[in-house]
1. What do the square roots of 5 times the Cα gyration tensor eigenvalues come to for segment 58-139, in whole Å, largest first, as semi-axes of the equivalent ellipsoid?
2. If neighbour count is taken as other Cβ atoms inside 10 Å, put 17, 102, 76 in order from fewest to most.
3. Based on the inverse mean of 1/r over its pairs of different Cα atoms, what is the Kirkwood hydrodynamic radius of the chain, in Å?
4. Among 134, 109, 79, whose Cα projects farthest towards the positive end of the dipole of segment 58-139, with charges put on the beta-carbon of Lys, Arg (+1) and Asp, Glu (-1)?
5. So how many Lys-Lys pairs in the chain land under 18 Å Cα to Cα, not counting same-chain pairs under 8 apart?
6. Most fluctuating residue of 52, 118, 32 in a GNM of the chain with Cα springs under 10 Å: which is it?
7. Between the alpha-carbon centers of segment 10-27 and segment 31-64, tell me the distance in whole angstrom.
8. Only Lys, Arg, Asp and Glu count, each charged at its Cβ (+1, +1, -1, -1), so figure out the dipole size of the chain about its Cα centre, rounded to 20 debye.
Amino acid sequence: MNTAYRVWDGEQMHYWDEDHLSLTLKNDGSWLLWHSSGGGCVVSSDDEEAVLMKGTDQFDIWKDEQEEEARIYARDIVQQEETAIGSVYGPEPFIGEVKMVDGSWCIVNEKKEECRPLFSETATNKVIGDVYQNPELLEGAECQK
């Protein structure tokens, strides 16, 4: 399995396998996204606003799975909808941020203080944004009583 990465540079998202971009991961935990065609450094772990995000093994069912953007990444904001009748989670959509929790990819809604597995055999996941470009989507994930 190829590990997928993306990088937020403080203004835009870059994907590790875009044309003419290469990602170097160093043993000390630092990294560098650079133009492989001689354009130099795009962004690195030394940049204050830069963030490296790992891709999960899950895909947005509403996008073409052949596109890299269809992969769900850490820090994406996902809407999960249950498809099974009688689910313990209920029928209402659940919105949260994708995070690694205890070795598993989860959708975390801090306002509701709830965490659900990203993988589900009975639910669909749709990426509706990410925490950098669409932070207001998490603000809208209010507690429902």
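1. Numbers: eigenvalues 66, 52, 30 Å².
Working through the eigenvalues yields semi-axes of 18, 16, 12 Å.
2. Working: 17 12, 102 6, 76 26.
Lowest to highest Cβ neighbour count: 102, 17, 76.
3. On the way: mean 1/r = 0.0610 Å⁻¹.
Computed over the chain, the radius equals 16.4 Å.
4. 109
5. Qualifying lysine pairs in the chain: 9.
6. Judging by the Gaussian network model, the answer is 32.
7. Segment 10-27 and segment 31-64 have Cα centres separated by 3 Å.
8. Numbers: 12 positive and 31 negative charges, 79 e Å.
Result for the chain is approximately 380 debye, rounded to the nearest 20.
Just so you know, all these numbers are worked out from the coordinates, no wet-lab data involved. Since we're looking at a predicted model, the values are computed, not measured. Note: ideal-geometry Cβ built from the backbone for every residue, glycine included; neighbour counts use all protein chains shown.
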